[in-house]
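The values are calculated or read from the model by the stated rules, or taken from the named source; none is laboratory data. Because the structure is a prediction, the values reported are computed rather than measured. In this analysis, Cβ positions are derived from the backbone assuming ideal geometry, glycine residues included, and neighbour counts consider all displayed protein chains. Ligands, DNA and RNA are stripped out before the accessible areas are found, and what is left, the full protein with its side chains, is counted by its heavy atoms. Shrake-Rupley method; radii C 1.70, N 1.55, O 1.52, S 1.80 Å.
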Amino acid sequence: AWRIPEGDGALDESTGAQIQVERRMGDPGEGVAFDLKVIFVGNACVGKTNLIGRFRHGRYDPDAAATVAVDLVTRTLPVHGCNVRAHVWDTAGQERFWALTARYFRDAHVVVVVYDVSDRTSFERCQAWIDIAKEKLPPAAVMVLLGNKADVSDDKREVTQTQGKAVAQTNRLLFWEC
């Protein structure tokens, strides 16, 4: 459960994680109280684009093309009586774009590090993404480790939920699988 307290942050009451958000300085007629910058990072083919596509369109697209460099999705959402404009950045996972991706951490409020539970290599790369993010992010930013494709059969799963939780706990990140 998220709550927007008086001041300039959002609080996850279940974990105590605090997200600092910017007060909107634009036209008050827009009705947007906060702008929230969210960055999705992870190896290529872990499902970042489809997660964001689901946020954008409410559906899974099996024919989604790989992201080249970055893509931006902006959507305004009601959150506890306030309108929050989420700027969600979909970054390319190919190695040649990693230096470019790191630049997008600046001023981010949330970084979601995504791995594919059926791809051990994508999980092992997460620590590098976490280290880069910790170096570049503002101190109040929140980080999430997200194990994607959790609906695969057990015989195809290469990363257990326990392993994902352990990395998240070690690095003080929120953790989810989907």
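Quick notes
- Residues satisfying the stated conditions in the range 32-43, i.e. among the small types (Gly, Ala, Ser) and within 16 Å of residue 132 (Cβ to Cβ): 42
- Top-ranked residue in the range 154-178 [being under 16 Å from residue 119 (Cα atoms) and part of a loop (DSSP other than H, G, I, E, B); ranked as farthest from the chain's Cα centre (by Cα)]: 155
- Looking across the range 137-172, the residues that are under 19 Å from residue 105 (Cα atoms) and surrounded by 17 or more Cβ atoms within 10 Å (Cβ to Cβ) come down to 137, 141, 142, 143, 144, 145, 146, 168, 171.
- The residue pairs whose first member lies in the range 110-139 and is among the acidic types (Asp, Glu), whose second member is surrounded by 20 or more Cβ atoms within 10 Å (Cβ to Cβ) and part of a helix (DSSP H, G or I), and whose beta carbons are closer than 6 Å, counting only pairs six or more residues apart or on different chains, are 116/122.
- Residues of the range 150-178 satisfying the condition of being acidic (Asp, Glu) and without any contact (Cβ under 8 Å) to a residue 60 or more places away in the chain: 151, 154, 155, 158
- Taking the range 31-146 and the helices (runs of 4 or more DSSP H) fully enclosed by it, the elements with 1 or more residues that are at pLDDT below 80 are at 48-57, 98-103.
- In the set 123, 175, only one residue is open to solvent by less than 80 Å² (accessible area, probe 1.4 Å) and more than 24 Å from residue 84 (Cα to Cα); that residue is 123.
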